[in-house]
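Colleague: After the structure tokens below, expect a handful of questions from me.
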Amino acid sequence: MIEEGRGERTRKEKEKGISEQTDFTVGMSTFIVSVLVLFLWIPLRELPGIGTILNAVLIAMAIDVMEPLIPEQTELVPAIFQAAIGIILVGIGSALYLTANLGPGPRDGWMTGIQKRTDWPIGRVRIGIEIVVLIFGYALGGTFWLGTIMFAIGIGPVVAMCLGIAGRWSV
């Protein structure tokens, strides 16, 4: 995503956070974090399924394969549009695989586990998780800007809305 006032840098130069600390790719870092997040399921008594494993593996692979192919936006309006479309697609995808009962993805399992334990609205739980993730990423040297903030605040309500729609369609 674009970063104002920082000059032109390549996508590789912008890789930060865990990737910078470990020299792993962003996809491999994502996979490692997914595995670590699964340990946070233990106190929540969440159980992984085939969807959990596939989510961790396929998302990590997709990041490394697709990231170089996605055009880097340098203009604000297309960047906002691209981020908004991404948030909507992640929300739809999350609702579809969560209602398939094949096991939630690592962060989604954390989301559903916390929601079951606290009875807080699922959208608010997800916003909280994403804000914590944003803070940890920043503390590890990661960068963020508008797209990251849009995702952290927007994904919870979008997932909640999509779960409501998918729930009406499921048998």
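Colleague: How large is the convex hull of the Cα atoms of the chain per residue, expressed in Å³ as a whole number? Walk me through the intermediate numbers first.
Modeller: Details: hull volume 20.6 nm³, N = 171.
So the per-residue Cα hull volume is 120 Å³.
Colleague: Using only alpha carbon pairs under 8 Å that are at least six residues apart, calculate the relative contact order of the chain and give it in whole percent. Kindly include the intermediate steps, with their values, before the conclusion.
Modeller: Details: 191 pairs, mean separation 55.5, N = 171.
Relative contact order comes out at 32 percent.
Colleague: Another question, then. For n ≥ 4 DSSP H runs only, could you compute -39500 (n - 2.57) per run for the chain, divide by its residues and tell me the 222 nm figure to the nearest 500?
Modeller: Working: 8 runs with 119 residues, N = 171.
Roughly -22500 deg cm²/dmol at 222 nm, from the helical runs in the chain.
Colleague: Given region 39-101, what whole percent of its Cα pairs are spread farther than 14 Å?
Modeller: Values: 1409 of 1953 pairs.
Summing the P(r) tail past 14 Å for region 39-101 gives 72 percent.
Colleague: What longest range of the chain stays clear of loop-exposed trypsin sites (Lys or Arg not before Pro) (DSSP non-H/G/I/E/B, at most 14 other C-beta within 10 angstrom)? If you can, show how the numbers build up before the last one.
Modeller: Values: sites that count: 6, 9, 45.
Between exposed loop sites, the widest span is 46-171.
Colleague: Starting from the Cα gyration tensor of region 53-153, take the square roots of the eigenvalues, sort them a ≥ b ≥ c, and report rounded, prolate or oblate (rounded when a/c is under 1.5, otherwise prolate if a/b is larger than b/c, else oblate). Write down the numbers at each step before the final one.
Modeller: Working: a/c = 1.73, a/b = 1.38, b/c = 1.25.
In terms of gyration-tensor shape, prolate.
Here, each number is a calculation from the coordinates, and none is a lab measurement. Here the structure is a predicted model, which is why all the values come from computation and not from measurement. FYI the Cβ positions are ideal-geometry reconstructions off the backbone, even for glycines, and counts take in every protein chain you see.
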